[in-house]
Structure formats: structure tokens, C-alpha cells
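See below for the structure under consideration.
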Amino acid sequence: RAKDSGRNTFQYYSRDLTARAVERVQLESSLHRALECGEFLLHYQPQLDLERGTLRGLEALVRWQPPESGLISPVTFIPLAEESGLIIPMGTWVLSEACRQMKAWFDRGLVTAEALISVNLSPKQFDQPDLVALIDRILSATGLAPSQLELEITESTVMRSVAQAGSVLHQLRELGVKVAIDDFGTGYSSLIHLKRLPLTTLKIDKTFVSDIPHDANDTAITRAVIAMAKSLSLEALAEGVETQAQCDFLIREGCPHGQGYLFSRPQNAREIEPFLRDRSRT
Ligand code: C2E
Ligand code: MG
Ligand code: MG
Ligand code: MG
């Protein structure tokens with residue numbers, strides 16, 4: 001299109017590109033400042049045992065709160081943090097803060113020893129050479145039991161290099177940490193590899209969950225993932241459960257766990273505590 005309509009359009013596009021590049025550099029430098037000034041915070045979303053309605057765990061979800069502006073979604077800044085490498089120090093902060101908070105909740109009796117804290121790891125974080133040592137150090141520093149930490153990685157993180165991922169995953173499992181595949185069904189995992197990797201959990205992507213039980217394809221996919229998890233001895237957890245009809249379908253199909261707006265939106269630590277008081281009773 002730029003070519004057809006001549007020089008002005010070209011200038012328009014190039015100005016636009018420059019503006020975007022400047023915006024990126026500005027955003028990147030404000031991300032650095034954000035980390036230094038403590039502008040990141042965590043929201044927590046409960047994960048439930050669907051049948052009993054009790055707490056299975058919580059997913060930690062990072063947010064950015066710049067001064068004098070609204071809360072910024074990770075969808076906006078994680079990709080840039082990933083590209084710029086800032087994801088490494090930021091991710092370390094997320095891991096430490098999530099483990100610290102979970103231990104504090106445990107000590108106050110707000111969560112049981114079985115409850116998990118799930119933390120997302122981006123591909124660059126997963127690739128950092130000292131990941132296992134880092135996790136070990138954070139667990140020791142916070143005093144959180146390794147069995148209470150679950151790391152969420154995506155299919156693509158694992159499938160880029162199955163051999164390398166397998167070795168890291170084995171070391172993590174040796175520490176006692178759990179590993180979930182996030183957004184399952186949106187990537188291209190091979191079942192052979194999934195079977196060989198020491199995983200604990202499959203999180204069914206919310207794009208499938210959102211159209212059950214009326215969409216025949218999504219219903220079939222969800223059913224298949226639940227069955228597959230069962231046969232691989234993995235726990236299935238459905239993301240993005242928004243309606244009672246979805247929840248009923250998942251229970252009927254034998255999906256043990258779910259998380260979504262039906263139960264609770266992600267909220268900050270203080271806001272989520274009444275929910276913990278309510279649901280942690282066993
Ligand atoms: P994710 O790990 O798949 O997280 C689930 C996302 O779905 C969250 O979006 C959550 O708020 C949203 N969600 C939860 N329940 C529902 C529901 O019922 N309906 C709908 N439509 N959405 C629901 P959020 O918090 O904006 O996070 C987006 C993504 O950003 C995450 O997807 C994850 O990939 C990434 N992310 C978030 N926090 C971190 C982090 O600390 N580190 C890294 N590396 N990535 C993170
Ligand atoms: Mg996740
Ligand atoms: Mg997900
Ligand atoms: Mg998703």
C-alpha cells in the first residue's frame with residue numbers, strides 16, 4: 001500500500017515508525033525505573049477444587065502501577081520486558097514476592113500446607129542458566145516449602161529444546177517444585193514429549209473454556225485435554241471459568257481444578273484475604 005500511494009505515504013509510515021521507536025525506548029526506560037522504584041505489584045487469582053469449592057492455590061499475576069496513572073496490564077509490558085532482558089530482574093522480584101506472600105499467608109493460617117502459589121515464567125526466564133539455583137535460593141530465603149511452589153511455562157518454552165527443558169524440569173522436580181504447562185492447547189506440543197517430561201499440571205487455555213458447553217469443537221478439545229491429562233497422570237486445571245454452565249460441564253467431565261472470574265478476579269494480597277479465609281477451611 002505504501003508503494004502505490006507514493007512519497008507522502010512513505011513519509012507518514014516512516015514518521016510513524018520513528019514515533020513508535022521513541023515510544024518503545026521511553027517505555028523501556030520507565031520499566032527500568034519501575035523496578036528500581038518498586039512500581040510492580042502482584043495480584044492473586046484463586047484456583048479451586050471445582051467439586052469441593054476449596055482452595056487449590058493462587059496464581060500470581062504481575063501488574064505495573066506507575067505514579068499518577070492507572071494499573072498497567074502485563075500483556076502490555078511483559079513482551080517488552082522479555083525483549084529488553086528486564087524480565088530477568090523483574091521475574092526474580094515476582095518469584096521472591098510471590099513466595100514471601102504465600103509463606104506469610106501460610107504462617108497466618110490463611111492457606112493450608114497443600115495450597116500452591118503458581119508463578120509464570122517467560123521463555124527467557126526459563127533459559128537463565130542459574131534458574132534452579134535461583135529458585136532454591138528464593139525458597140530458602142522465604143522459607144516456603146518447595147511443594148507449595150508451581151511454575152507455569154508454555155508449550156513453546158518447552159518445545160524449543162525438549163532435551164534442555166527436560167533437564168531443567170528434572171532439576172526443578174528434584175527440588176520438589178511443581179511445573180504446569182500454561183495455555184495448553186494453543187501451542188504445538190508433541191504428546192511423546194509431554195509424556196516424557198516431568199510435569200505436574202496442564203492448564204487448559206481459556207479460549208477453549210470460553211465457548212463450552214455450546215461450541216462443539218471447544219467442547220471436544222476440552223474433553224480431550226481432560227482425558228489426556230488423566231492418562232498422563234497430570235492434574236487438569238481450566239483457565240477462564242466465567243459461568244456456572246462452564247463449571248458444571250468441567251465437573252461433569254472430571255476436570256479437578258479451575259480458576260476464573262466466576263470464583264474471583266485477580267486482586268491484590270489484602271483484597272484476596274477474605275476469599276482465603278472463606279475457602280481454605282478443610
Ligand atoms: P496467563 O498466565 O494465562 O494468566 C491468565 C490471564 O487470564 C490473566 O491475565 C488473568 O487475569 C486472566 N483471567 C483470569 N480469569 C479469567 C476469566 O475468567 N476470563 C478472562 N477472560 N480472563 C481471565 P493477566 O493478569 O492480564 O495476565 C496475562 C498474561 O501475562 C498471563 O497469562 C501471563 O502469560 C503473563 N504474566 C502475568 N504475570 C506474569 C509474570 O509475573 N511473569 C511472566 N513472565 N508473565 C506474566
Ligand atoms: Mg499463567
Ligand atoms: Mg494461561
Ligand atoms: Mg491464555
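The values are calculated or read from the model by the stated rules, or taken from the named source; none is laboratory data. No experiment lies behind these values; they were computed from the predicted model shown. Virtual Cβ from ideal backbone geometry, glycine too; neighbours counted across all protein chains shown.
Quick notes
- The residues in the stretch 194-227 that are more than 14 Å from ligand 1 (Cβ to nearest atom), within 27 Å of Ala163 (Cβ to Cβ) and within 21 Å of the chain's Cα centre (by Cα) can be counted, and the count is 6.
- Residues of the stretch 240-250 classified as surrounded by 15 or more Cβ atoms within 10 Å (Cβ to Cβ), in a helix (DSSP H, G or I) and away from ligand 3 (no atom under 16 Å from the Cβ), total: 2
- When Leu232 is tested against (1) within 15 Å of ligand 1 (Cβ to nearest atom); (2) closer than 18 Å to Asp182 by Cβ; (3) free of Cβ contacts under 8 Å to residues at least 60 places away in the same chain; (4) of a type outside the set (Phe, Trp, Tyr), exactly one condition is not met: (1).
- Residues that are of a type in the set (Val, Ile, Thr) and modelled with pLDDT under 95 within the stretch 208-218 comprise just one, Ile212.
- Test: residue in the stretch 158-173 that is more than 16 Å from ligand 2 (Cβ to nearest atom), in contact with a Lys or Arg (Cβ under 7 Å, 6 or more places away or on another chain) and β-branched (Val, Ile, Thr): no
- Selection within the stretch 44-75 - in a strand (DSSP E or B) and modelled with pLDDT under 95: Ile72
- Answer from Gly85, Gly91 - the residue that is surrounded by 19 or more Cβ atoms within 10 Å (Cβ to Cβ) and more than 17 Å from Arg270 (Cβ to Cβ): Gly91
- Candidate set from the stretch 263-282 (those that are part of a helix (DSSP H, G or I) and within 14 Å of Ile117 (Cβ to Cβ)); member that is farthest from the chain's Cα centre (by Cα): Leu276
- Qualifying residue in the stretch 222-238 (condition: under 24 Å from Ile72 (Cβ atoms) and in contact with a Gly (Cβ under 6 Å, 6 or more places away or on another chain)): no
- Against the criterion of being part of a strand (DSSP E or B) and either more than 15 Å from ligand 3 (Cβ to nearest atom) or surrounded by 21 or more Cβ atoms within 10 Å (Cβ to Cβ) (or both), Leu237 qualifies.
- Looking across the stretch 252-266 at every residue that is buried (at least 18 other Cβ atoms within 10 Å of the Cβ) and within 16 Å of ligand 2 (Cβ to nearest atom), the one that is nearest to Ala98 (Cα to Cα) is identified as Pro266.
- Of the residues making up the stretch 179-221, those that are farther than 15 Å from Leu237 by Cβ, part of a loop (DSSP other than H, G, I, E, B) and touching a Phe, Trp or Tyr at 6+ places or on another chain (Cβ under 7 Å) number 1.
- Total residues in the stretch 179-218, condition surrounded by 22 or more Cβ atoms within 10 Å (Cβ to Cβ) and either in contact (Cβ under 8 Å) with a residue 40 or more places away in the chain or among the hydroxyl-bearing types (Ser, Thr, Tyr) (or both): 7
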